[in-house]
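Below is one structure; the comments refer to it alone.
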Amino acid sequence: MKKSVIIGAFFLSGMSVLAQTSDEKMLKDIYNSSLTNGKCYSWLEHLSNKIGARLSGSENAEKAVQYTKAQLEALGLDKVYLQEVMVPKWVRGEKETAYILDNKTKITVPIAALGGSVATPKNGLTAGVIEVQGIEDLKKWGDKIKGKIVFYNRPMDPTFIETFKSYGGCVDQRYAGAKEAAKFGAVGTIVRSMNLRLDDYPHTGAQSYGDLQPSEYIPTAAISTNGAELLSQKLKANPGLKFYFKQSCEQMEDVLSYNVVGEIKGSEHPDNIMVVGGHLDSWDLADGSHDDGAGVVQSMEALHIFKRLGYKPKNTIRVVLFMNEENGGRGGKKYAELAKTNNENHIFALESDSGGFSPRGFSIEADDANFQRISSWKNLFEPYLIHSFVKGGAGADINPLSSGKIVKAGLKPDSQRYFDYHHALNDNFDAINKRELELGAATMTSLLYLIDQNGIME
């Protein structure tokens, strides 16, 4: 006759079943709560469809501040408040127009002014075009650039599986392309959109004139990838063609805005602060559901889950919805400045700013000991298909935080589709998958729970 064998909390005749650990049970409860009772999808629907694009300094950005503050208050958090921050106000103006002038033929192409750009002359700008593959190519052309429009046409490298590496490999021509071309006498720049696929959506984004004088500023715009392919093809056939574009954007005076903050007070170590957040502002072409409405509502959801499960954290857990990540980063800087002024001790910060796609893991800024500890939790995440724990940057808004010994992490969703939408007209609510969004929120909440339970290694 077989004897019963006791293993863990269960015993069966001739069989053994391992007990579920408290951490495994908590993670299961977290995922179940997010997938069955989550609020993040409905919150995002309101942000996207009822409010819309939320560029810093806009009326919609203010509406988003008030909406998210009210929602956090409704969760019954210990504290909800606003942090004042002065932000830039850039206005796009009328919809841009552009066309290729190939002999007597006008071929319309889609463009969008880059954030912070100046306007063209009132009637638009027409000039010859010089195509380059990047900023370094400007030197080859030298004086020939004077009076011309520089066309930056280096594409994102499709061979990187991690598409953010592709983005990092060519975004310099968007950010600094106008500044550098102006030094050679260019009258404007057109930049290939940061997009891996061929489509008709121009992707905007921040650009900077650096230390140029305002009189030296030149207008700059993104052209869709299909438009870039066409312009390049036409230039090969006719190097003497001209390009016309018109935009009426304007930089206004800075305006007052806010970071939105809510927290659950720690039960054992209330002076130790753990932050989870995303950025509340978005570009103005669309409602910014992936960038970064998703990160905002996922961060809010983390505290909702803890409240719903009755979890009382050991450390203070604070959600921060940062303002002005897209064209200045002032919300993140202001939060770090106030944290330092108030002598706050941040032990952990987690950011979601890579879209609302299926979560795959985390990018972690930590010393070896803390990185190894977090990596040792892989087995807890495996049932949820979370497997990527890598060292790397955590996020722009939490980057300024420096508080003694702090561990930072960024949620890493699957990145293959992210740049189809990034800063473009199609980054709307219908691009969001409800389940993927909720899985991301649960994944973030799970890491917050494990850090809260185990602390960080000093």
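Could you tell me how many of the residues in segment 204-247 are on the phi > 0 side of the Ramachandran plot and in contact (Cβ under 8 Å) with a residue 60 or more places away in the chain? Walk me through how you get there before you give the answer.
Step one: of segment 204-247, the residues on the phi > 0 side of the Ramachandran plot are 205, 210.
When the remaining residues are screened for being in contact (Cβ under 8 Å) with a residue 60 or more places away in the chain, the result is 205.
The qualifying residues number 1.
Of all positions in segment 339-349, none carries a residue that is surrounded by 18 or more Cβ atoms within 10 Å (Cβ to Cβ) and touching a Phe, Trp or Tyr at 6+ places or on another chain (Cβ under 7 Å). Within the bounds of segment 448-455, is there any residue that is in contact with a strand residue (DSSP E or B) (Cβ under 7 Å, 6 or more places away or on another chain), in contact (Cβ under 8 Å) with a residue 40 or more places away in the chain, in a helix (DSSP H, G or I) and of a type outside the set (A, V, I, L, M)? Looking for residues that are in contact with a strand residue (DSSP E or B) (Cβ under 7 Å, 6 or more places away or on another chain), in contact (Cβ under 8 Å) with a residue 40 or more places away in the chain, in a helix (DSSP H, G or I) and of a type outside the set (A, V, I, L, M), one finds at least one in segment 448-455, hence yes.
Counting only strands (runs of 3 or more DSSP E) wholly contained in segment 234-323, the ones carrying 2 or more residues that are within 30 Å of Ile145 (Cα to Cα) and open to solvent by less than 10 Å² (accessible area, probe 1.4 Å) occupy 242-246.
Looking at segment 83-100 only, could you name the residues that are in a strand (DSSP E or B) and within 21 Å of Leu55 (Cα to Cα)? Talk me through it step by step, then tell me what you get.
Within segment 83-100, the first condition is being in a strand (DSSP E or B), and the residues that meet it are 83-87, 90-91, 97-100.
Those that are in a strand (DSSP E or B) and within 21 Å of Leu55 (Cα to Cα): Gln83, Glu84, Val85, Met86, Val87, Trp90, Val91.
Being part of a helix (DSSP H, G or I), out of contact with any helix residue (DSSP H, G or I) (no Cβ under 9 Å at 6 or more places or on another chain) and within 18 Å of Gly116 (Cα to Cα) is the filter here, so list the residues in segment 139-178 that pass it. Give the derivation first.
Taking segment 139-178 and keeping what is part of a helix (DSSP H, G or I), we get 139-145, 163-168, 172-175, 177-178.
Narrowing the set further to residues that are out of contact with any helix residue (DSSP H, G or I) (no Cβ under 9 Å at 6 or more places or on another chain) leaves 139-144, 165, 168, 174-175, 178.
Result: Arg174, Tyr175, Ala178.
When Arg373, Arg435, Arg417 are checked against the criterion of being at pLDDT 95 or above and more than 23 Å from the chain's Cα centre (by Cα), a single residue qualifies: Arg373. Looking only at residues in segment 239-267 that are over 28 Å from Lys69 (Cβ atoms) and among the charged types (D, E, K, R), the one that is nearest to the chain's Cα centre (by Cα) is Glu250.
Can you find, within segment 328-338, the residue that is farthest from Phe371 (Cα to Cα) among those that are of a type outside the set (Lys, Arg) and surrounded by fewer than 24 Cβ atoms within 10 Å (Cβ to Cβ)? Even if it seems obvious, please write down each step before you answer.
As a first pass, look at segment 328-338 and keep what is of a type outside the set (Lys, Arg): 328-329, 331-332, 335-338.
From what's left, surrounded by fewer than 24 Cβ atoms within 10 Å (Cβ to Cβ): 328-329, 336-338.
Numbers: Gly328: 30, Gly329: 27, Ala336: 23, Glu337: 26, Leu338: 27 Å.
Within segment 328-338, the match that is farthest from Phe371 (Cα to Cα) is Gly328.
As a summary of the residue check, Tyr201 satisfies the conditions (1) open to solvent by 10 Å² or more (accessible area, probe 1.4 Å); (2) in contact (Cβ under 8 Å) with a residue 24 or more places away in the chain; (3) part of a helix (DSSP H, G or I) except for the one numbered (3). In segment 101-122, which residue that is under 35 Å from the mean Cα position of the chain (by Cα), not hydrophobic (A, V, I, L, M, F, W, C) and not in a strand (DSSP E or B) is nearest to Gly57 (Cα to Cα)? Among them, the one singled out is Gly116. Anything in segment 133-181 that is buried (at least 17 other Cβ atoms within 10 Å of the Cβ) and of a type in the set (Gly, Ala, Ser)? List them, or say none. The answer is Ser166, Gly177, Ala178, Ala181.
Residue check: is Gly76 farther than 22 Å from Tyr311 by Cα and either of a type outside the set (Lys, Arg) or not in a strand (DSSP E or B) (or both)? Here the answer is no, as Gly76 does not meet what is asked. Taking first residues from segment 324-347 that are on the phi > 0 side of the Ramachandran plot and modelled with pLDDT of 95 or more and partners that are crowded, with 22+ Cβ neighbours inside 10 Å and aliphatic (A, V, I, L, M), the Cβ contacts under 7 Å between residues at least 6 apart in sequence or on separate chains come to Asn324/Val85; Asn324/Val87; Gly328/Val87.
The values are calculated or read from the model by the stated rules, or taken from the named source; none is laboratory data. Just so it is clear, the structure is predicted and the values come from calculations on it, not from any experiment. Methodologically, a virtual Cβ is constructed for each residue, glycine included, from the backbone with ideal geometry; neighbour enumeration extends over all protein chains shown. Just the protein is used for accessible areas: all its heavy atoms, side chains included, with ligands, DNA and RNA removed. Shrake-Rupley method; radii C 1.70, N 1.55, O 1.52, S 1.80 Å.
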